[in-house]
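Below: one structure, written as structure tokens.
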């Protein structure tokens with residue numbers, strides 16, 4: 001059995017960073033998959049067969065960009081082992097949905113919001129912005145990098161049987177834990193800001209203002225829960241509209257003396 | 001000029017990182033906002049605009065290839081626009097940042113909300129531009145069966161990184177031009193600093209609620225949120 005040289009594997013893994021660079025509504029990540037696998041096809045099929053064999057990877061494919069390395073590692077292994085092209089195609093079709101779902105849940109719904117909220121809480125507690133950003137980027141990308149490298153290695157080591165490795169890694173359980181951390185951090189940020197707001201509005205009339213703000217804020221929070229994922233677009237638009245109207249009214253009618 | 005160049009370079013990096021190269025989270029509004037604040041020499045403004053934008057964009061999760069906003073280059077626009085409205089003096093203690101500092105000590109209380117206004121507007125515009133750019137990508141994709149496919153794919157992908165960066169810088173440049181023309185007329189900001197803080201606080205509540213729903217909802221995660229609330233209150237009091 002041929003093995004990809006370590007340097008070639010590293011090159012292919014580096015190419016995974018560009019998987020979304022040609023995202024399009026027709027093949028989605030399909031052209032990205034072909035781009036990433038090009039060195040593998042040259043190794044496995046030689047210069048003469050490279051373009052011909054590579055062409056069959058230009059088909060619809062979509063997955064989370066970080067976890068796509070799992071599929072790519074497995075496909076690279078199958079290509080090096082000269083697996084039947086139809087089998088490779090069926091594997092890609094089978095694996096893309098779960099990798100997309102797991103990746104979205106683990107990263108976009110788990111890892112990213114948890115760390116974002118943690119960074120915002122640090123900022124609210126008085127840590128300087130550049131320090132917060134450094135901590136956020138460092139911690140986030142340690143996890144990010146680990147996932148890409150693990151995914152590639154798991155895919156390449158297991159080939160078509162990579163589903164077992166994904167199950168054994170407990171990614172869905174980790175995603176669940178991260179959503180709990182995220183919920184905790186939502187509360188933590190709210191509590192930190194609320195206690196700081198209390199300090200800001202301290203005074204004879206301040207307590208009433210803070211109580212009022214808290215009630216209205218809680219109501220808006222519940223509204224956001226009701227709106228679910230659809231809520232972000234109207235929320236952004238209405239916030240911009242509200243600030244714009246206030247700004248224009250200030251320009252037209254003047255501000256406080 | 002150096003500041004403008006730095007801001008455009010940051011917007012280029014955010015545009016490329018967000019959609020084409022790596023997704024290392026330079027395109028997150030908190031990161032872009034703070035870095036933009038470093039570029040213009042106003043850390044407090046950068047942190048305030050970046051933090052607020054981060055809260056607003058938390059539930060805008062990019063699942064399934066749907067359309068979502070592009071807040072990275074927009075944060076650059078926001079910091080630039082806020083800076084046009086006024087400056088925020090540096091805090092007395094270097095490295096420390098009272099969270100209300102930008103609101104209480106800014107030359108004008110409108111500095112932060114105007115920055116947020118321009119950032120939100122150009123975040124939505126950036127998302128639209130990104131969707132159109134991706135649709136146009138189909139026009140120059142190499143087709144299976146052609147010769148030199150491997151090389152063509154390399155060219156398309158590296159061009160995609162460059163064009164994504166260019167789109168980010170373009171959106172930022174447009175936003176900065178619009179801000180330069182409009183901000184001087186949006187004066188004075190009619191609300192007091194405390195009222196401004198209250199307003200922006202309230203506008204952040206809906207996105208946080210949406211995010212909790214996305215994470216799993218009150219039934220599954222309500223106690224976790226309540227525990228966090230208590231922890232945050234205690235931390236805020238203690239510190």
Requested in this report: Determine which single condition residue A:29 fails, assuming it passes every other condition in (1) more than 8 Å from chain B (Cβ to nearest Cβ); (2) more than 21 Å from the chain's Cα centre (by Cα); (3) closer than 21 Å to residue B:138 by Cα.
Outcome: (2)
Report task. Examine the stretch A:153-165 for a residue that is closer than 28 Å to residue B:221 by Cβ and either touching a helix residue (DSSP H, G or I) at 6+ places or on another chain (Cβ under 9 Å) or modelled with pLDDT of 95 or more (or both), and state whether such a residue exists. Result -> no
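Condition check ((1) within 23 Å of the chain's Cα centre (by Cα); (2) more than 8 Å from every other protein chain (Cβ to nearest Cβ); (3) assigned to a helix (DSSP H, G or I)) across all residues:
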position	(1), (2), (3)
A:34	yes, no, yes
A:39	no, yes, yes
A:42	no, no, yes
A:49	no, yes, yes
A:52	no, yes, yes
A:58	no, no, no
Query raised in the report: Would it be correct to say that residue A:186 is in contact (Cβ under 8 Å) with a residue 60 or more places away in the chain and either in contact with a helix residue (DSSP H, G or I) (Cβ under 9 Å, 6 or more places away or on another chain) or not assigned by TED's automatic domain parsing to the domain that holds residue A:118 (or both)?
Result: yes
Query raised in the report: Is it true that residue B:171 is part of a helix (DSSP H, G or I), more than 7 Å from chain A (Cβ to nearest Cβ) and touching a helix residue (DSSP H, G or I) at 6+ places or on another chain (Cβ under 7 Å)?
Result: yes
Query raised in the report: Could you list, in sequence order, the residues of the stretch B:17-47 that are facing chain A (nearest Cβ under 9 Å), modelled with pLDDT of 90 or more and part of a helix (DSSP H, G or I)?
Result: B:19, B:30, B:31, B:33, B:34, B:35, B:37, B:38, B:46, B:47
Query raised in the report: Taking residue B:153 and the conditions (1) within 25 Å of residue A:235 (Cα to Cα); (2) crowded, with 20+ Cβ neighbours inside 10 Å, which numbered condition does it fall short on, given that it satisfies the others?
Result: (1)
Query raised in the report: within 14 Å of chain B (Cβ to nearest Cβ), in contact (Cβ under 8 Å) with a residue 12 or more places away in the chain and over 28 Å from residue B:229 (Cβ atoms), is that true of residue A:142?
Result: no
Requested in this report: Scan the stretch A:230-238 and give yes if some residue there is at positive phi and part of a helix (DSSP H, G or I), otherwise no.
Outcome: no
**Report entry** Only one of B:153, B:125 that is within 7 Å of chain A (Cβ to nearest Cβ) and assigned to a helix (DSSP H, G or I)
**Finding:** B:153
Query raised in the report: Any residue at all in the stretch A:12-32 that is touching a strand residue (DSSP E or B) at 6+ places or on another chain (Cβ under 8 Å) and assigned to a loop (DSSP other than H, G, I, E, B)?
Result: yes
Query - the stretch A:223-235, subset at the interface with another protein chain (Cβ under 7 Å from one of its Cβ atoms) and farther than 16 Å from residue B:216 by Cβ, residue surrounded by the most Cβ atoms within 10 Å (Cβ to Cβ) - result: A:235
Query raised in the report: Which helices (runs of 4 or more DSSP H) does the stretch B:189-239 wholly contain that include 3 or more residues that are over 25 Å from the mean Cα position of the chain (by Cα), modelled with pLDDT of 90 or more and more than 7 Å from chain A (Cβ to nearest Cβ)?
Result: B:217-238
Query raised in the report: Say we look at the stretch A:39-56 and pick out the residues that are closer than 15 Å to residue A:88 by Cβ and at pLDDT 85 or above; which of these is surrounded by the fewest Cβ atoms within 10 Å (Cβ to Cβ)?
Result: A:56
Report task. Spot the failing condition for residue A:82; the list is (1) surrounded by fewer than 19 Cβ atoms within 10 Å (Cβ to Cβ); (2) within 12 Å of chain B (Cβ to nearest Cβ); (3) at positive phi, and only one is missed. Result -> (2)
Report task. Just need a number here: residues in the stretch A:113-139 that are assigned to a helix (DSSP H, G or I) and either out of contact with any helix residue (DSSP H, G or I) (no Cβ under 9 Å at 6 or more places or on another chain) or touching a residue at least 12 places away in the same chain (Cβ under 8 Å) (or both). Result -> 18
Requested in this report: Test residue A:195 against the criterion of being assigned by TED's automatic domain parsing to the domain that holds residue A:68 and either closer than 27 Å to residue A:64 by Cβ or in a helix (DSSP H, G or I) (or both), and give yes or no.
Outcome: no
Query raised in the report: Tally time: how many residues in the stretch A:83-108 are over 30 Å from residue B:59 (Cβ atoms) and either in contact with a strand residue (DSSP E or B) (Cβ under 8 Å, 6 or more places away or on another chain) or part of a helix (DSSP H, G or I) (or both)?
Result: 10
**Report entry** Residue in the stretch B:25-36 that is more than 11 Å from the chain's Cα centre (by Cα), within 30 Å of residue A:24 (Cβ to Cβ) and in contact (Cβ under 8 Å) with a residue 60 or more places away in the chain present
**Finding:** no
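The values are calculated or read from the model by the stated rules, or taken from the named source; none is laboratory data. Worth saying up front: this structure is predicted, and the values here are computed from it rather than measured. Using ideal geometry, Cβ is built from the backbone for each residue, glycine included, and neighbour counts are taken over all protein chains shown.
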